[in-house]
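The values are calculated or read from the model by the stated rules, or taken from the named source; none is laboratory data. These figures come from a predicted structure and were not determined experimentally. All Cβ positions, even for glycine, are placed from backbone atoms using ideal geometry, and neighbour counts span all protein chains on display. Calculation scope for accessible area: heavy atoms of the full protein, side chains included, ligands and nucleic acids excluded. Shrake-Rupley method; radii C 1.70, N 1.55, O 1.52, S 1.80 Å.
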Amino acid sequence: MTDRPFFHGKAKRVALVSLVAAVAASFIFVAFFLIKPVSGSFQQGDEGDLLTIDGFGVSEQEFLLFLYDERALTANTFYQQYGADADSDFWDRKFDGQTPLEYARNSALDKLLTAKMEAIVAVEQGLIGKDIRFSSIMNERERTNAERERMLKDGEVFYGLSSFDEYQYYNYIRNHVWSELVKWYSNKTKVTDEELYPVYEANKDLFTLGVELTYMMLRQDGSTEILTQTENDIPKGDTQALDIWYELKELEPGQKRSEVEYKGEVVDVLLMSKKEMGDKPFSDAKPLLLQIYAEDQLRLLVKERVESANISIDRQKFNAIRF
């Protein structure tokens, strides 16, 4: 029986945006052995690969996906550091001994190796199928696009894009792999409140309950209306009320905004008070803290795996790659 591509067709979950948090060094040591490589398994490299990482082959096409993503970033970096314009010879001109093209290739390589190692760890732990080659992912993209086109014609409901390009689909799948890793890692490890509390302290801005504003609407007929609201009290679809609230947040009590449109009339709005609501309690923040903790631990472990990986690069082919 052939292996399905590494997403097993379940790529509907999207990973939460991760945030860097403080971690305990002893926990990293223990967790390293939870995701140690499985020796001698899943070797996929072949002679056509640009590189291999721990035996898994990476094609030039996969590398190019990362390289083209570096084009604008590299141009901006060299403009900021050297005032360099992206003219005709920009990519081959040396700045402190390195050309922008070399910089872009190396940056793309670093990011590619990280992405590939995430998938390798997921394979080793049995979270996804063994076939993580770029060609297999793109074949699945074609099938997914065809299926979504059919569903669109038939009026069926689905979530997300109706069609993926290569970059979109690759990242769609990578998000799925990451969410599977985080879920597995969270289930595998036990974190005490003592270990988790420093993460809470380091990320207090994520757990603020916000600001409560009390303000008065002064209508042209002389009537008034007093409102007390946090941002979360205003329906997300009420953009007019949200805009007023955001403007008032920048004021000091006693200041006002004049001739503001509100619910079909023009009013003056006076800020009466502004109150910081404090932070969400540790117990309420714990689910997100566990997510942050697990994602940060995984990043560190993937980084260590890349640093210790057996990486073989066809340097002649690599150095010949251009935009």
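Axis angle, to the nearest 10 degrees, between helix 282-308 and the longest C-alpha principal axis of the chain: 30 degrees.
Measuring max minus min along each principal axis, the C-alpha atoms of the chain give extents of 82, 55, 55 Å (largest first). Take region 89-138 with all the other protein chains still there, run a 1.4 Å probe, and you get 35 Å² of accessible area per residue.
Which of the peptides 170-179, 83-92, 135-144 is most tightly packed, and how do the rest follow, judged by the mean count of other Cβ atoms within 10 Å per residue? Each step should come with its number before you reach the end.
Values: 170-179: 19.8, 83-92: 11.6, 135-144: 16.6.
Going by the mean number of other Cβ atoms within 10 Å, highest first, we get 170-179, 135-144, 83-92.
Comparing mean-square fluctuations of 207, 66, 78 from a GNM of the chain with C-alpha springs under 10 Å, the top value falls on 78.
Starting from 0.36 nm per residue, how many nanometres of slack lie between residue 255 and residue 274 once their C-alpha separation is accounted for? Intermediate values should be presented prior to the final figure.
Values: separation 19, 0.36 × 19 = 6.84 nm, distance 1.14 nm.
Once the chain is fully extended between residue 255 and residue 274, it gains 5.7 nm.
Share of carbon and sulfur in the accessible area of region 105-239 stands at 48%, probe radius 1.4 Å.
Solvent exposure of residue 314, expressed as accessible area, is near 60 Å², computed with a probe of 1.4 Å over the protein chains only. Close amide H contacts of residue 133 (hydrogens built in the peptide plane, cut-off under 5 Å, sequence separation of 5 or more or a different chain): none are found.
Taking 51 Å as R0, compute the FRET efficiency from the Cβ-Cβ separation of residue 226 and residue 82 and round it to 0.05. Efficiency, rounded to the nearest 0.05: 0.35. Springs between Cα atoms under 10 Å define the GNM used for the chain, and in it the highest mean-square fluctuation of 154, 110, 296 occurs at 154. Largest GNM mean-square fluctuation across 124, 225, 307, computed for the chain with C-alpha springs under 10 Å, falls on 225. For region 192-243 versus region 103-135, the inter-centroid distance based on Cα atoms is 41 Å. Ranked from largest, the principal axis spans of the Cα set of region 193-323 equal 78, 48, 24 Å. Under the rule a/c < 1.5 gives rounded, and otherwise a/b versus b/c splits prolate from oblate, where does region 172-216 land using the Cα gyration tensor? Judged from the Cα gyration tensor, region 172-216 comes out oblate (a/c at least 1.5, b/c at or above a/b). For region 197-299, the solvent-accessible area of protein heavy atoms averages 57 Å² per residue (probe radius 1.4 Å; ligands and nucleic acids excluded).
Could you sort out which of 111/286; 130/303; 116/188; 188/236; 204/256; 236/303 sit more than 28 Å apart by Cα distance in this structure?
On the way: 111/286 30 Å; 130/303 21 Å; 116/188 22 Å; 188/236 37 Å; 204/256 30 Å; 236/303 39 Å.
Violating the 28 Å Cα-Cα cut-off are 111/286; 188/236; 204/256; 236/303.
Computed with a 1.4 Å probe over protein heavy atoms only, the accessible area of residue 197 comes to about 100 Å².
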